[in-house]
Amino acid sequence: MNPQSLRNIVIVGGGTAGWMAAAAFGRVLGPDYAITLVESEQIGIVGVGEATVPHIKAFNQLLRIDEADFVRSTQGTFKLGIEFVDWYRNGHTYIHGFGQEIGHPYGLLPFQQYWFKARKAGMAQSLDAYTLNSLAARRGRFMTGASDVPADSPLANIAYAYHFDAGLYAKYLRAYSERLGVKRVEGIVDQVILDPGNGHVRSLRLRSGEEVAGDLFIDCSGFRGLLIEEALHTGYIDYTHWLPCDRALAVPCEKVGPPTPFTRSTARSAGWQWRIPLQHRTGNGYVYSSAHISDDEAAATLLANLDGRVLADPRPLRFTTGRRKKCWNRNVVALGLASGFMEPLESTSIHLIQSGISKLLELFPREGFNEVLAQRYNDQLAFEFERIRDFLVLHYNATERDDSPFWRQCRDMSIPESLTANLDLFRDSGRFFRNASEMFAEISWVQVMIGQGIEPRGWHPLVDRVPDADLKRLMESVAGTISACVDAMPEHQRFIDRHCKAEPVSF
């Protein structure tokens, strides 16, 4: 290959991953690059990733997408966080709310350091009362942020994400990409042709006989990993000894009542069930361990716990939690399910696609291929997968549940050393330090550790320099401010109706 000729990018597979990549490359790289996406209408997409995290706003801003048009087109709603039901123990609920911080920093310390002491002294409410997103989620309120408030107001910069129909999202991005000149080729890949000299992918031969050549190939073929695994035999790192769920069932049902501005995750006897409210329906699914429950039993559990009338048969998925040993191998970069799978407990699936795209663009070769770039890319993706893995394992392992073999296994299992170090530090004095650019920040770790029943033995010594009367006033002031801000926010449904209501859909 001529080292000057890295201008032909071929994406294998559509769906969310493929069309996100096509849209981003079309926008950033521009007309100097030929971008081709190969997909087949005969091959379905997984499409269960309907819940996101706030990072997706940066992706939409990169594409210069109008938010209201995007939400309407995808039957979307807004998301302030995730409600966890029955995870710590049966009957217990907490919310992991998005945001920059809990409460408001006081002096040199984060607010929760003072909250630990105030709660022990009976001066504090639950953590939700001091976190805008969590309290707003509880009250069904939402807004995108106010421009007519002081810069330090909690309403000035509200962190939020979206729920949307993944199929409609892919369709939306396809139209966007094609307007930028991305070429779509309909067809099923019959053969991957490798260069005998360097082992790179040279071209794809389709079942129709057409051959699609490229310089850089993006594998968005899903769990199969058509290029990264079947052609290049990259290898896979299995996380199931920490995250034992290996199957899922997904099913939509009729919406009942106004959509909640949060995703709900309810722990079940052998896994957990998601609930994702959209404008036209509600998405549901059961992620479970096949070693602890049969497929029929899982389907019965899922269908017995829906809000409304079921709209389709449950769709089965099988997976192995983990990641490829390399997400960039030779001239192939894997995105989405082809790169690995982390169950959608914290809505990280689409984020990992976005992260893979942005890191590839940051390390995009000027000419030819340099192993230095690929190695740095692989190191960054491995770090991201491992930190997300630790955060997910936290939910399973920190539990008092012992009502089923599944939960006893999760409670008693060994956990990664990196997670143990974080938990030991937090148990000592409620401290957490973010590791470089890991996805989940202090606010997320603290909310989940507290929500899962992990109690610090103490707090930072500087907290004791604050008189009890001042500590009480701090708790009352922050709670009062947060509550007043939430009261000023409109109801979630009212906000949607005013700004981005979608056309009704009949089923």
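The values are calculated or read from the model by the stated rules, or taken from the named source; none is laboratory data. None of the values given here were measured: they were computed from a predicted structure. Cβ placement follows ideal geometry from the backbone for every residue including glycine, while neighbour counts extend to all protein chains displayed.
Taken over region 230-241, the criterion of being assigned to a helix (DSSP H, G or I) and either crowded, with 21+ Cβ neighbours inside 10 Å or modelled with pLDDT under 95 (or both) is satisfied by Ala231 alone. Within region 39-72, the residues that satisfy the criterion of being modelled with pLDDT of 95 or more, touching an Asp or Glu at 6+ places or on another chain (Cβ under 8 Å) and farther than 23 Å from Thr282 by Cα are Glu39, Asn60. When you check Phe341 against the structure, is it aromatic (Phe, Trp, Tyr), in contact (Cβ under 8 Å) with a residue 12 or more places away in the chain, under 30 Å from Asn8 (Cα atoms) and out of contact with any Cys (no Cβ under 7 Å at 6 or more places or on another chain), yes or no? Criteria met by Phe341. Put simply, of Leu302, Leu204 the only residue that is surrounded by 21 or more Cβ atoms within 10 Å (Cβ to Cβ), in a helix (DSSP H, G or I), touching a residue at least 12 places away in the same chain (Cβ under 8 Å) and not small (Gly, Ala, Ser) is Leu302.
Considering only residues that are part of a strand (DSSP E or B) and either polar (S, T, N, Q) or touching a Gly at 6+ places or on another chain (Cβ under 7 Å) (or both), look in region 264-273 and name the one that is nearest to Thr52 (Cα to Cα). Don't jump to the end; show me each part of the working.
If we filter region 264-273 for residues that are part of a strand (DSSP E or B), which is where we start, we get 264-268, 271-273.
With either polar (S, T, N, Q) or touching a Gly at 6+ places or on another chain (Cβ under 7 Å) (or both) added as a condition, the list becomes 265-266, 273.
Values: Ser265: 14, Thr266: 17, Gln273: 16 Å.
Ranking the candidates gives Ser265 first.
Being over 30 Å from His395 (Cα atoms) and in a helix (DSSP H, G or I) holds for only one residue in Ala22, Ala17, Ala58, and it is Ala22.
Looking only at region 229-286, residues that are among the polar types (S, T, N, Q), without any contact (Cβ under 8 Å) to a residue 60 or more places away in the chain and touching an Asp or Glu at 6+ places or on another chain (Cβ under 9 Å) come to 2 in all. Listed by first and then second residue, the pairs with beta-carbon distance under 6 Å, at least 6 apart or on different chains, first residue in region 136-164 and of a type outside the set (Val, Ile, Thr), second surrounded by fewer than 16 Cβ atoms within 10 Å (Cβ to Cβ) and at pLDDT 95 or above, are Gly140/Glu491.
Here is a check on your reading of the model: is Ile276 at pLDDT 95 or above, surrounded by fewer than 19 Cβ atoms within 10 Å (Cβ to Cβ) and either not in a strand (DSSP E or B) or not polar (S, T, N, Q) (or both)? So Ile276 does not fit the description; no.
Please verify whether region 175-193 includes one or more residues that are surrounded by fewer than 21 Cβ atoms within 10 Å (Cβ to Cβ) and within 23 Å of the chain's Cα centre (by Cα). Walk me through it before giving the result.
So in region 175-193, the residues surrounded by fewer than 21 Cβ atoms within 10 Å (Cβ to Cβ) come out as 175-176, 178-181, 183-188, 190-193.
Checking the rest, the ones that are also within 23 Å of the chain's Cα centre (by Cα) come to 176.
Within region 175-193 (the criterion being surrounded by fewer than 21 Cβ atoms within 10 Å (Cβ to Cβ) and within 23 Å of the chain's Cα centre (by Cα)), the answer is yes, since at least one residue qualifies.
Criterion first (under 22 Å from Phe84 (Cα atoms), part of a strand (DSSP E or B) and not aromatic (Phe, Trp, Tyr)) does Arg323 satisfy it? No, not satisfied.
Name the residue, out of Pro258, Pro244, that is assigned to a loop (DSSP other than H, G, I, E, B) and under 30 Å from Leu135 (Cα atoms).
Values: Pro244 fails: under 30 Å from Leu135 (Cα atoms).
Answer to the check: Pro258.
In region 92-108, how many are of a type in the set (Ser, Thr, Tyr) and more than 15 Å from Met449 (Cβ to Cβ)? Please lay out each step first, then the result.
Step one: list which residues in region 92-108 are of a type in the set (Ser, Thr, Tyr), which gives 93-94, 106.
Filter once more, keeping what is more than 15 Å from Met449 (Cβ to Cβ): 93, 106.
Adding up the residues that qualify gives 2.
Taken across region 284-296, residues that are surrounded by fewer than 19 Cβ atoms within 10 Å (Cβ to Cβ) and part of a helix (DSSP H, G or I) do occur, with at least one present.
Taking region 187-201, which residues are without any contact (Cβ under 8 Å) to a residue 40 or more places away in the chain and outside any strand (DSSP E or B)?
From region 187-201, those without any contact (Cβ under 8 Å) to a residue 40 or more places away in the chain are 190-194, 196-197; that's our starting set.
Within region 187-201, Pro196, Gly197 meet the criteria.
Scanning for something touching a Ser or Thr at 6+ places or on another chain (Cβ under 7 Å) and either of a type in the set (Gly, Ala, Ser) or free of Cβ contacts under 8 Å to residues at least 12 places away in the same chain (or both), does region 421-429 turn up at least one residue? Taking every residue of region 421-429 in turn, none turns out to be touching a Ser or Thr at 6+ places or on another chain (Cβ under 7 Å) and either of a type in the set (Gly, Ala, Ser) or free of Cβ contacts under 8 Å to residues at least 12 places away in the same chain (or both).
Quick grid of which residues meet (1) in a strand (DSSP E or B); (2) crowded, with 24+ Cβ neighbours inside 10 Å:
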position	(1), (2)
Val333	yes, yes
Leu337	no, yes
Leu352	no, yes
Ser355	no, no
Ser358	no, no
Arg366	no, no
Phe369	no, no
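Only strands (runs of 3 or more DSSP E) whose full extent lies in region 71-183 are considered here, and the ones with at least 2 residues that are more than 26 Å from Met20 (Cα to Cα) and touching a Gly at 6+ places or on another chain (Cβ under 6 Å) are 93-97. Of the set (1) out of contact with any helix residue (DSSP H, G or I) (no Cβ under 9 Å at 6 or more places or on another chain); (2) closer than 30 Å to Thr282 by Cα, all apply to Gly197 but (2).
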